[in-house]
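Quick notes on the structure that follows.
Any read-out appearing in this document is the output of simple, stated calculations on the displayed coordinates, not a laboratory observation. What you see is a predicted model, and the numbers here were worked out from it, not measured in a lab. With ideal geometry, Cβ positions are generated from the backbone for all residues, glycine too; neighbour counts draw on all protein chains shown.
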Amino acid sequence: MFKKDYRSLTIYEIIHTYRKIVIKVTKNKDYYYGHPSLKREDRLEVIKRLMNKLQMNETQALFLYDNQKMDLDLLKIELIKRDQRPYDFNVHKANEFVNRIKSRLVFFKYHQQATLLISISIVLTLLLSLFSQNGIVGLWIVLVEVLLSSVLVLYVYLYYFTVFKMKKAIKTGKRIQKEVKIYKYRFKTYLETNRRPPIIYDTFGLNIYCLIDGKKTKLFYPFLSSNIVIRPDKNTHAFKEKMRLISKLNEHDKLEVTYLNKTKIIVQSSIKFERLLK
């Protein structure tokens, strides 16, 4: 059974895993909430599997079993409080932000399968090249495959660079407080394609282009509480709504911020952009 530490999952992934376990144990596909009808042996099996798959202790597993309907933001905090392992609640929001981003990335969700497929394709290409008249062609194909896969991995890493570095940066980065002059805002959106119209923009932060001590700098403001989802309505296309929000942001050309010196992540701001955009 594939195991994962519950602390690296979002609360929605934890609940989803819990439901899958109960469905497997009870063989009831319609199960979601409530468990008064569970047999004692089924209940014990659910607790056992939760402890094993999500790396929880018995107290945590029992608490999740009994409290699925409580506020989800509080539920994970209560689970962490029942964990004997040390945890810094000062960086809880940052940790949850990173977990939320990673849970949304197809690249990370399926990276093991993708690596396996790439490896198989390389091996097959090498075998074909051995039995072909021109083995050099096969070797060039392998080289191109490796190069393209490496470029994809590098591009994704660079795109989410500030996110990947965030947990460590919050703990160890030097904090700098400045008043900055802003000349451009840009939403940071997921590297995903929405196949179902109408188009929406699911964002997880802002790139803020500004002047600090006369030098051009790009800061990153993460939406720690939740994503800002830009949807169309009956009269407005999603792109127009996005531009309207950008115009609204452009009204604020000065900002007092505290940011981390290396990753340029904003940890405090005089404007709460989540409130401004909702």
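A few points about this structure:
- Taking only Cα atoms of region 6-82, radius of gyration then Dmax in Å: 11.5, 32
- Reach of LYS48 by Cα under 13 Å, taken over aspartates and glutamates that are not fewer than 8 positions away in the same chain: GLU58
- Ranked by how many other beta carbons lie within 10 Å on average, peptides 227-233, 214-220, 54-60 from highest: 54-60, 227-233, 214-220
- Span from the region 44-58 Cα centroid across to the region 148-174 one, whole angstrom: 32
- Using R0 = 45 Å, the C-beta based FRET efficiency linking LEU143 and ARG244 works out to 0.45.
- Taking 7 Å steps out from each Cα toward its Cβ at VAL123 and ARG43 produces label points 4.8 nm apart.
- Potential lengthening between TYR155 and SER269 on full extension [0.36 nm per residue; Cα-Cα distance subtracted]: 38.1 nm
- Label-reachable residues, region 1-20, where backbone N falls under 15 Å from a point 7 Å from ASP202's Cα toward its Cβ: 10-13
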